[in-house]
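What follows is a set of notes on a single structure, which appears directly below.
We did not get these values from a lab; they are worked out from the coordinates using the rules stated. In this text the structure is predicted, and so the values were computed from the model without any measurement. Here Cβ is always computed from backbone atoms with ideal geometry, including for glycine, and neighbour counts include all displayed protein chains.
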Amino acid sequence: MRKLVLKMSVSVDGFVGGADGEIDWIFKSMDDGVTDWLLETLWQAGVHLMGSRTYCDMAAYWPASSSPLAASMNAIPKVVYSRKRLDKLPDSHSTTRAFADAVLAEPIELAPAKVRTPGEASWAAATIVHGDLLDAVTALKRDAGDYILAHGGARFGGALARSGLVDEYRLLVHPVALGRGLPLFAGITRPVDLRLVSATAFPSGALAQIYHPA
């Protein structure tokens, strides 16, 4: 059974988004070391897993991005989870504040409307899974291949944390305290004991921490 890895950017006080879902604070501490760490995490994955809101943001952003991370985000297969049955993939134009913040930090150049790039085609080929989260993700874990890399979304990341399905947390802690916002572990009903596997500090002040359930 392959493992589920949850990768999230987090403030030092435990928030994955600001009170309005803003993520502009993430980009202030990105440096070459952080990018290399992210690339290693991305290229080792067998599939990207995300909720429908995160899918909309990423499907709109990554095909047009010139970031070093774009190739891995576009090339690796995608799975979109929804509690409700979806007849088709969510509209990638239904983006959130997170998309706007990403574009401000790293502008993108959109292709003409009638031209589908290879990146856009890869996102359009994403698989939809629905129903009970525990059942859907357990079925994915039974498939052969490299690990499942889950992307949040505070709501989706929090649901995975509460499910007990996460085999590894890869948390990129940014040197900022938000004071309020969207917490990753909101709603857990009991403490989640974790074992620190590694910690890597970067010149920007960001810290990559990898945890396994204790």
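Using 1/(1 + (r/R0)^6) with R0 = 41 angstrom and r between the beta carbons of Arg2 and Asp24, what's the FRET efficiency to the nearest 0.05?
On the way: r = 34 Å, r/R0 = 0.82.
Result of the calculation: an efficiency of 0.75.
List the chymotrypsin sites (Phe, Trp or Tyr not before Pro) within the range 164-214 that fall in a DSSP loop (any state other than H, G, I, E or B) and whose Cβ has at most 16 other Cβ atoms within 10 Å. Write down the numbers at each step before the final one.
Numbers: sites: Tyr169, Phe185, Tyr211; in loops: Phe185.
When the chymotrypsin sites (Phe, Trp or Tyr not before Pro) of the range 164-214 are filtered for loop state and at most 16 Cβ neighbours within 10 Å, Phe185 remain.
Mind ordering 190-199, 88-97 by average Cβ neighbours within 10 Å, highest first?
Details: 190-199: 10.6, 88-97: 14.8.
Averaged packing, sorted descending, gives the order 88-97, 190-199.
Going out from 0 in 5 Å bins, what whole percent of all Cα-Cα distances in the chain drops into each bin?
1, 7, 14, 20, 22, 18, 11, 5, 1, 0, 0
With the dipole of the chain worked out from charges on the C-beta (+1 for Lys and Arg, -1 for Asp and Glu) around the Cα centre, which of Ile23, Ala124, His174 lies farthest toward the positive end?
Ala124
What does the charge count around Asp135 come to, taking other residues whose C-beta lies under 13 Å from its C-beta (Lys +1, Arg +1, Asp -1, Glu -1)? Mind dumping the intermediate values first?
Working: positive: Arg83, Lys141, Arg142; negative: Asp132.
The answer is +2.
Can you list the trypsin sites (Lys or Arg not before Pro) in the range 1-83 that are in a DSSP coil and have 15 or fewer other beta carbons within 10 angstrom?
Working: sites: Arg2, Lys3, Lys7, Lys28, Arg53, Lys78, Arg83; in loops: Arg2, Lys3, Arg83.
Qualifying residues, ordered by number: Lys3, Arg83.
Using a 7 Å offset from the Cα along the Cα-to-Cβ direction at both Ser163 and Arg142, what is the distance between the two label points in nm, to one decimal?
Simple spin-label model gives 1.4 nm for this pair.
Please sort through the DSSP H helices of the chain and keep those with an alpha-carbon extent of at least 15 Å along the long axis and a Kyte-Doolittle average not below -0.5. Before the final figure, lay out the partial values.
Details: long enough: 32-43 (16 Å, 0.12).
Span-like helices, by this rule, are 32-43.
Give me, ordered by chain and number, the residues 5 or more places off Val47 or on other chains with an amide H under 5 Å from its own placed amide H.
HN-HN under 5 Å from Val47: Leu149.
Between His212 and Thr189, what FRET efficiency comes out of the Förster formula 1/(1 + (r/R0)^6) with R0 = 30 Å and r the beta carbon distance, rounded to 0.05? Let's see the in-between values first.
Working: r = 20 Å, r/R0 = 0.68.
Calculated transfer efficiency: 0.90.
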